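K.L.:
I am attaching a structure below and will ask some questions about it afterwards.
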DNA sequence: AAGTGGACCTGCTAGC
DNA sequence: TGCTAGCAGGTCCACT
């Protein structure tokens, strides 16, 4: 589920509240994608520092080391002074004097990994190879064009890979390509510089708008306050197969690329 | 080497 | 109404 906007909305919804809180306990539920690693006792007594984001990962800094968190496909974080007894999908609790940060993740593709530092393994290993942040000023049409020319996959696959630019998953890759007027099946090395300019802008604008709208709640995404997102109501193509394009009325098409559903308007988006 | 497809795990929904 | 196949926001890994 969670793409960059959902992760950023989550971060913004609890970072200020948890900063400075002292860790008093840790509870681990069923196994997630990777083992927590390290010694739980190391975390007890430490103060929480900044919560930062890299791609779809969150880094929750402690005084010594920190936790790298990923929401996978179905994860969400909540932070509240009082929490209910953990349910069957609550797989990690970081208990602090100010409240409990809880990861709820039915499919368990998410993860919480202890690391000595964000630039030390295993965190550094997981973050290695990630592309540029879409809101980094160095991310522009020139950067995107150069990177796309080195690949021979579809432009949509190139975006989803996250090695060129992070953050756009299946929803926002589809939406950004619609905004840029580019057919998602176009080979990445055939994208001209002007189209790369438009695409870079579309990626940034789409992700920024999604953050403003609180992300997309298709099923179970909530921010740390429990609020749902509203971008899904604003999607132009994602999940709209067969429905008329909001711009030209042509029915939106659904195709499968790399085992992922892709939605696009065959009239507004050109190869 | 780069590209493709399967695997991970659970829940929900559309269709019979 | 009840069962089941198919599908879901991500990413790693094996194979070609």
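The values are calculated or read from the model by the stated rules, or taken from the named source; none is laboratory data. None of these values were measured; they are calculated from a predicted model. We place every Cβ from the backbone using ideal geometry, glycine too, and count neighbours over all the protein chains shown.
K.L.:
When residue A:186 is evaluated against the numbered criteria (1) in contact with a strand residue (DSSP E or B) (Cβ under 7 Å, 6 or more places away or on another chain); (2) buried (at least 21 other Cβ atoms within 10 Å of the Cβ), which criterion, by number, is the only one it fails?
P.N.:
Single failed check for residue A:186: (2).
K.L.:
Also, I was wondering about something else. Of the numbered conditions (1) more than 27 Å from residue A:212 (Cα to Cα); (2) within 16 Å of DNA strand B (Cβ to nearest atom), residue A:157 fails exactly one; give the number of that condition.
P.N.:
Evaluating residue A:157 over (1) more than 27 Å from residue A:212 (Cα to Cα); (2) within 16 Å of DNA strand B (Cβ to nearest atom) leaves (1) as the failure.
K.L.:
In addition: Listed residues A:195, A:240, A:209, A:204; which is within 15 Å of DNA strand B (Cβ to nearest atom) and either surrounded by fewer than 22 Cβ atoms within 10 Å (Cβ to Cβ) or not in a loop (DSSP other than H, G, I, E, B) (or both)?
P.N.:
Going through A:195, A:240, A:209, A:204 in turn, just one is within 15 Å of DNA strand B (Cβ to nearest atom) and either surrounded by fewer than 22 Cβ atoms within 10 Å (Cβ to Cβ) or not in a loop (DSSP other than H, G, I, E, B) (or both): A:240.
K.L.:
Among residues belonging to segment A:124-174 that are in contact with a helix residue (DSSP H, G or I) (Cβ under 7 Å, 6 or more places away or on another chain) and away from DNA strand C (no atom under 16 Å from the Cβ), point out the one that is farthest from residue A:200 (Cα to Cα).
P.N.:
Ranking the qualifying residues of segment A:124-174, first place goes to A:149.
K.L.:
Can you give me the number of residues within segment A:243-259 that are free of Cβ contacts under 8 Å to residues at least 60 places away in the same chain, part of a loop (DSSP other than H, G, I, E, B) and within 16 Å of DNA strand C (Cβ to nearest atom)?
P.N.:
3
K.L.:
Of the residues A:95, A:83, which is part of a loop (DSSP other than H, G, I, E, B), surrounded by fewer than 23 Cβ atoms within 10 Å (Cβ to Cβ) and away from DNA strand C (no atom under 15 Å from the Cβ)?
P.N.:
A:83
K.L.:
For the structure I just gave you, tell me whether residue A:216 is touching a helix residue (DSSP H, G or I) at 6+ places or on another chain (Cβ under 6 Å), modelled with pLDDT of 95 or more and either within 25 Å of residue A:58 (Cα to Cα) or crowded, with 20+ Cβ neighbours inside 10 Å (or both).
P.N.:
Here the answer is no, as residue A:216 does not meet what is asked.
K.L.:
Also: Within segment A:42-71, how many residues are more than 16 Å from residue A:122 (Cβ to Cβ), within 16 Å of DNA strand C (Cβ to nearest atom) and buried (at least 18 other Cβ atoms within 10 Å of the Cβ)?
P.N.:
3
K.L.:
For segment A:7-54, which residues satisfy the criterion of being part of a helix (DSSP H, G or I), out of contact with any strand residue (DSSP E or B) (no Cβ under 8 Å at 6 or more places or on another chain) and within 27 Å of residue A:134 (Cβ to Cβ)?
P.N.:
A:9, A:12, A:16 - these are the residues of segment A:7-54 that are part of a helix (DSSP H, G or I), out of contact with any strand residue (DSSP E or B) (no Cβ under 8 Å at 6 or more places or on another chain) and within 27 Å of residue A:134 (Cβ to Cβ).
K.L.:
If you go through segment A:137-147, how many residues are out of contact with any strand residue (DSSP E or B) (no Cβ under 9 Å at 6 or more places or on another chain), in contact (Cβ under 8 Å) with a residue 12 or more places away in the chain and either in a helix (DSSP H, G or I) or buried (at least 17 other Cβ atoms within 10 Å of the Cβ) (or both)?
P.N.:
Residues in segment A:137-147 being out of contact with any strand residue (DSSP E or B) (no Cβ under 9 Å at 6 or more places or on another chain), in contact (Cβ under 8 Å) with a residue 12 or more places away in the chain and either in a helix (DSSP H, G or I) or buried (at least 17 other Cβ atoms within 10 Å of the Cβ) (or both): 3 in total.
K.L.:
Which members of segment A:58-80 meet the condition of being in a loop (DSSP other than H, G, I, E, B), more than 12 Å from DNA strand B (Cβ to nearest atom) and under 22 Å from residue A:166 (Cα atoms)?
P.N.:
A:71
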